[in-house]
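**Student:** Structure in structure tokens, see below.
The values are calculated or read from the model by the stated rules, or taken from the named source; none is laboratory data. These numbers come from a predicted model, not from an experiment. Because the Cβ atoms are built from the backbone with ideal geometry, glycine has one as well, and the counts that use them run over all protein chains shown.
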Amino acid sequence: MRPAPPPVEDALRLYLEYLTVEKGLARNSSLSYSRDLRKFLAFLKSRKAGWAGLTEDALIAFVRRESQGGLSPRSQARLVSAVRSFSKFLVLSGFLKKDPSSGLRSPSTWLALPKFLTVKEVEGLLGAPDEKKPAGLRDRAMIEVLYGAGLRVSELIALKPADVNLGDGFLICRGKGGKERIVPLGRSACAWVGRYLAEVRPLSGPKPGTELFLSRLGRAFTRQGFWKLLRKHAARAGLASKITPHVLRHSFATHLLEGGADLRSVQLMLGHSQITTTQIYTHVSRERLRRVYDRFHPRA
């Protein structure tokens, strides 16, 4: 006789452990999946449905509700991915006989082109921190590395001094799933990090953290702490309405491709497991070409 499945909440806990331990999913990705799936469990609970209510109709109704609530296409795609992955886990674990998500399709996201800055806007942002002050010099070094290496904010704040080779101009970062990659670092970023290490980091107190970039109290930055820092300098540069750490990553990729870099090299530098993820930036370049054509061609 088949054993009764555990409560749905317990199954979710097992699934999240599976993501972390067996799949090696990055902590931030696991947290995103957890948030999405807890919303789904709350949705089932509101319908007074447990395992019996986990049907294709329920999944579709949930995704539709979230989409009508203003969820972006990219967030919808992540939501669908989380639900489908959880459903497959439930079948593999024997909790469900049939996968209710087999007919669920992810919304198209290719039109949601990433925002990026122009080279002139990046230069304005880089010039915003007051490098005469220790905090300003540190901030300039952080923004230089974020843009110069195309890092995710989580990768930037996790860097250790030993991860950066200023002499040869590269750094080692740990991306999603704990995967390491080597990324070139330009002369400008290396120079600013060198100044930060020589002039500012030694001022970080008697028991500084082990990370490369530290707050004035000698602690590692949080993602929110860096966002706050970046928004302050973006406002000074007149970019407050369009800046996030990921915009600088998008700018890094877009500027490389527009300068003639090949897609495969950009994929490796960004740490994308699939080149299809990197191909979004070719759409960005095409959109820009279209705007240039429409603006300047007499027969546009």
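**Student:** Out of 180, 211, which single residue is touching a residue at least 24 places away in the same chain (Cβ under 8 Å), among the acidic types (Asp, Glu) and touching a strand residue (DSSP E or B) at 6+ places or on another chain (Cβ under 7 Å)? Before you say what the answer is, go through the steps one by one.
**Tutor:** On the way: 180 fails: touching a residue at least 24 places away in the same chain (Cβ under 8 Å).
When all the criteria are applied, what remains is 211.
**Student:** What residue, among those in the stretch 20-38 that are aliphatic (A, V, I, L, M) and at pLDDT below 85, is farthest from residue 65 (Cα to Cα)?
**Tutor:** Narrowing the stretch 20-38 to residues aliphatic (A, V, I, L, M): 21, 25-26, 31, 37.
Going one step further and asking which of them are at pLDDT below 85, we end up with 21, 25-26.
Details: 21: 32, 25: 27, 26: 28 Å.
My answer is 21.
**Student:** Spot the failing condition for residue 198; the list is (1) part of a strand (DSSP E or B); (2) out of contact with any helix residue (DSSP H, G or I) (no Cβ under 9 Å at 6 or more places or on another chain), and only one is missed.
**Tutor:** Looking at each condition in turn, residue 198 falls short on (1).
**Student:** For the stretch 253-267, check the following and say yes or no: at least one residue is at pLDDT below 75 and in a helix (DSSP H, G or I). If you could, list the steps in order and put the result at the bottom.
**Tutor:** Pass one, the stretch 253-267, residues at pLDDT below 75: none.
Scanning the stretch 253-267, I find no residue that is at pLDDT below 75 and in a helix (DSSP H, G or I), so the answer is no.
**Student:** Report yes if some residue within the stretch 22-44 is more than 30 Å from residue 179 (Cβ to Cβ) and in contact with a Gly (Cβ under 6 Å, 6 or more places away or on another chain); otherwise report no.
**Tutor:** For the stretch 22-44, residues more than 30 Å from residue 179 (Cβ to Cβ) and in contact with a Gly (Cβ under 6 Å, 6 or more places away or on another chain): present.
**Student:** Among 83, 119, which is modelled with pLDDT of 80 or more, hydrophobic (A, V, I, L, M, F, W, C) and closer than 28 Å to residue 255 by Cα? Give the steps one after another, and end with the answer.
**Tutor:** Details: 83 fails: closer than 28 Å to residue 255 by Cα.
Of 83, 119, the one residue that is modelled with pLDDT of 80 or more, hydrophobic (A, V, I, L, M, F, W, C) and closer than 28 Å to residue 255 by Cα is 119.
**Student:** Continuing with the same structure: Any idea how many residues of the stretch 15-37 are charged (D, E, K, R) and under 16 Å from residue 223 (Cα atoms)?
**Tutor:** Within the stretch 15-37, the subset charged (D, E, K, R) is 17, 22-23, 27, 35-36.
Applying the additional criterion that residues be under 16 Å from residue 223 (Cα atoms) yields 27.
Total meeting the criteria: 1.
**Student:** Every residue in the stretch 184-198 that is buried (at least 22 other Cβ atoms within 10 Å of the Cβ) and either farther than 22 Å from residue 130 by Cβ or not assigned by TED's automatic domain parsing to the domain that holds residue 267 (or both), please.
**Tutor:** none
**Student:** Have a look at 216, 249 and point out the one that is outside any loop (DSSP other than H, G, I, E, B) and either of a type in the set (S, T, N, Q) or on the phi < 0 side of the Ramachandran plot (or both). Talk me through it step by step, then tell me what you get.
**Tutor:** On the way: 216 fails: outside any loop (DSSP other than H, G, I, E, B).
From the options 216, 249, the qualifying one is 249.
**Student:** Please enumerate the residues belonging to the stretch 117-154 that are without any contact (Cβ under 8 Å) to a residue 40 or more places away in the chain and touching a Cys at 6+ places or on another chain (Cβ under 8 Å).
**Tutor:** Within the stretch 117-154, no residue meets the criteria.
**Student:** Also, I was wondering about something else. Give me the pairs, please: first residue somewhere in the stretch 11-28 and more than 13 Å from residue 90 (Cβ to Cβ) and surrounded by 19 or more Cβ atoms within 10 Å (Cβ to Cβ), second residue anywhere and of a type in the set (A, V, I, L, M) and at pLDDT 80 or above, beta-carbon distance under 6 Å, and either six or more positions apart or on two chains.
**Tutor:** 25/19
**Student:** Please state which of the following conditions residue 285 fails to meet, knowing it meets all the rest: (1) surrounded by 12 or more Cβ atoms within 10 Å (Cβ to Cβ); (2) at pLDDT 75 or above.
**Tutor:** It is condition (2) that residue 285 fails.
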